Amino acid sequence: MTDTTTNTLTYRDAGVDIDAGNEMVRRIKPHVRSTARRGADGEIGGFGGLFDLKAAGFTDPVLVAANDGVGTKLRIAIETGIHDTIGIDLVAMCVNDLVVQGAEPLFFLDYFATGKLDPAEGEAIVKGIADGCRQAGCALIGGETAEMPGLYAEKDYDLAGFAVGAAERDRLLPAADIETGDVILGLASSGPHSNGYSLIRRIVQLSGLSYDAPAPFDATRTLGQALIEPTRIYVKPLLEVFAQSRGIKALAHITGGGFTENIPRVLPETLRADIDLPAVPVPPVFGWLAKVGGVAEPEMLRTFNCGIGMIVVVSEAEAAVVSALLQSAGESVVPLGRVLRRDADAVTFNGSLALA
């Protein structure tokens, strides 16, 4: 007799829960709507997101695009269960790169991949993304959630972000008139931001501390809470300066590669940045990392922001005005150095960081 019995499988049996995906979409819609702005309505559900440049008020725009992730800082979010701010990091890493080109971030899309979708956890992550979009003034117009059992462990997830902005053609940065004598200002960071976390996690292992232990450098928080502090978003204060002044000649987002790799990206090959290290307001976390990890100052400077998340290049005549505008917009501003003629290195340092 022939056996006519057949196995019946569903997508859920294979590890992918369509109902969980639909539930997550339902949960995140209010967060997405909260990012609506001129040019985008803050709705999701179609096959693509729309943005109306004319409605946003541009006349001769150049589009600027950026994409990034959060890196191994995600591991701390996963291990601590703190998921509601990591989305801010995702947005920050993209939109801070847009504004250094002189661009206003317009819209953002995310990609969220996980081994097993937890709608509540996914909502917390997207809530953070929406928070970051509101801080940057851009609309969250779409994204993708992928449940991929067998590729990711059940509790693991990864994030990628994609941002598009625009600048009027005559306002793109860096400007062509950067010259010797220009002033370099620094905008304070909120901590390590989203860079160097493979080294940070190694140092935590060396310390023998758990993420729920009190942070040695911050008595008010656990180590996990302190290290998950989200990346500062500099967009709105810088856009306010753009609206009131043409004094900014260049901006450099201090991400992976620190001072030594990022500042030269916005300077002519004939010029260098001369930085006074004692002027850098070093947060205590960096002193702890340097001490416990035995990380030498040159390595700190090429791995971390060390307390400065954004570099601003201005003419000497405009430095005071730009600094005042940034401070009135809520930024902590410090004079860091000057633009000088390049002899060899693209970035030179005077003095030492206050890492103690």
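The values are calculated or read from the model by the stated rules, or taken from the named source; none is laboratory data. Computed from a predicted structure; not experimentally measured. Neighbour counts are summed over all protein chains in view; Cβ atoms, including those assigned to glycine, are modelled from backbone coordinates with ideal geometry. Side chains are part of the model used for accessible areas, which takes the heavy atoms of the whole protein and leaves out ligands, DNA and RNA. Shrake-Rupley method; radii C 1.70, N 1.55, O 1.52, S 1.80 Å.
How much mean residue ellipticity at 222 nm does the chain get from its helices, if each DSSP H run of length 4 or more adds -39500 (n - 2.57) and you divide by all residues, to the nearest 500 deg cm²/dmol? Walk me through the intermediate numbers first.
Values: 11 runs with 114 residues, N = 356.
Computed ellipticity for the chain at 222 nm equals -9500 deg cm²/dmol.
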> Taking H as built 1.01 Å from N, whose amide H comes closer than 5 Å to the amide H of Ala215, not counting residues under 5 places away?
Replying inline: Arg221, Thr222, Leu223
>> Please give me, ordered by residue number, the trypsin sites (Lys or Arg not before Pro) of segment 151-228 that lie in loop per DSSP and have at most 16 other Cβ atoms within 10 Å.
In response: Lys155
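Quick one: with all protein chains in place, what share of the accessible area of segment 236-353 is carbon or sulfur, to the nearest percent (1.4 Å probe)?
Details: 2420 of 4900 Å².
Of the solvent-accessible surface of segment 236-353, carbon and sulfur hold 49 percent.
Which value, in Å², gives the accessible area per residue of segment 165-287 when a 1.4 Å probe is used on the protein heavy atoms?
Numbers: 5030 Å² over 123 residues.
Value for segment 165-287: 41 Å² per residue.
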> So how strong a dipole does segment 174-298 carry about its Cα centre when Lys and Arg Cβ are +1 and Asp and Glu Cβ are -1, to the nearest 20 debye?
Replying inline: 360
>> On C-alpha positions alone, give me the angle between the axis of helix 284-293 and the longest principal axis of the chain, in degrees, nearest 10.
In response: 80
>> Show me, for segment 185-202, the HN-Hα J-couplings you get by feeding each phi into the Karplus relation (A = 6.51, B = -1.76, C = 1.60, θ = phi - 60°), rounded to Hz, glycine and proline as x.
In response: 9, x, 9, 4, 8, 9, x, x, 6, 10, 10, x, 6, 5, 6, 4, 5, 5
> Alpha carbon centre of segment 132-210 versus segment 310-356: separation in Å?
Replying inline: 21
> Roughly how many percent of the accessible protein surface of segment 44-188 is carbon and sulfur, given a 1.4 Å probe and a whole-percent answer?
Replying inline: 53
>> Which order do you get for Lys127, Lys116, Lys54 if you rank them by accessible area with a 1.4 Å probe, largest at the top?
In response: Lys54, Lys116, Lys127
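Just order 144-152, 66-74 by mean Cβ neighbour count inside 10 Å, highest at the front, would you? Show your work: numbers first, answer last.
Details: 144-152: 15.0, 66-74: 20.1.
Most protected by this proxy first, the peptides run 66-74, 144-152.
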> Hey, how many Å between the Cα centroid of segment 60-80 and the Cα centroid of segment 218-252?
Replying inline: 15
> With the dipole of the chain worked out from charges on the C-beta (+1 for Lys and Arg, -1 for Asp and Glu) around the Cα centre, which of Asn195, Pro30, Ala219 lies farthest toward the positive end?
Replying inline: Ala219
> Between segment 257-299 and segment 83-117, what is the C-alpha centre distance in whole Å?
Replying inline: 24
>> Can you match P(r) over Cα pairs in 20 Å bins from 0, in percent to one of these, [x] 30, 60, 9, 1, 0; [y] 29, 53, 16, 2, 0; [z] 27, 47, 24, 2, based on a calculation from the structure here?
In response: [y]
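Magnitude of the Cβ-charge dipole of the chain, K/R +1 and D/E -1, about the Cα centre, nearest 20 debye?
Numbers: 30 positive and 45 negative charges, 104 e Å.
For this selection, approximately 500 debye.
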>> If amide hydrogens are placed 1.01 Å from N in the peptide plane, which non-local residues have theirs closer than 5 Å to the one on Leu336?
In response: Ile184, Leu185, Gly186
>> Under 5 Å between amide hydrogens, which residues at least 5 positions from Phe107 or on another chain qualify, with H placed 1.01 Å from N in the peptide plane?
In response: Ala139, Val164
> Where only protein heavy atoms count, and the probe is 1.4 Å, what is the accessible area per residue for segment 1-121 in Å²?
Replying inline: 53
> Antiparallel DSSP bridges in the chain: what percent, to the nearest 5?
Replying inline: 75
> Mind checking the angle between helix 86-99 and the chain's longest principal axis? C-alpha axes, 0 to 90 degrees, to the nearest 10.
Replying inline: 40
> HN-Hα J couplings of segment 172-180 from phi, Karplus 6.51/-1.76/1.60, θ = phi - 60°, integer Hz, Gly and Pro as x?
Replying inline: 5, 10, x, 6, 7, 9, 5, 8, 4
>> Could you derive backbone 3J(HN,Hα) for segment 337-349 from the dihedral phi with the Karplus parameters 6.51, -1.76 and 1.60 (θ = phi - 60°), listing whole Hz in sequence and x where the residue is Gly or Pro?
In response: x, 9, 8, 10, 5, 8, 9, 9, 6, 7, 9, 10, 10
> Ranked highest first by the average count of other Cβ atoms within 10 Å around their residues, in what order do 175-181, 79-85 fall?
Replying inline: 79-85, 175-181
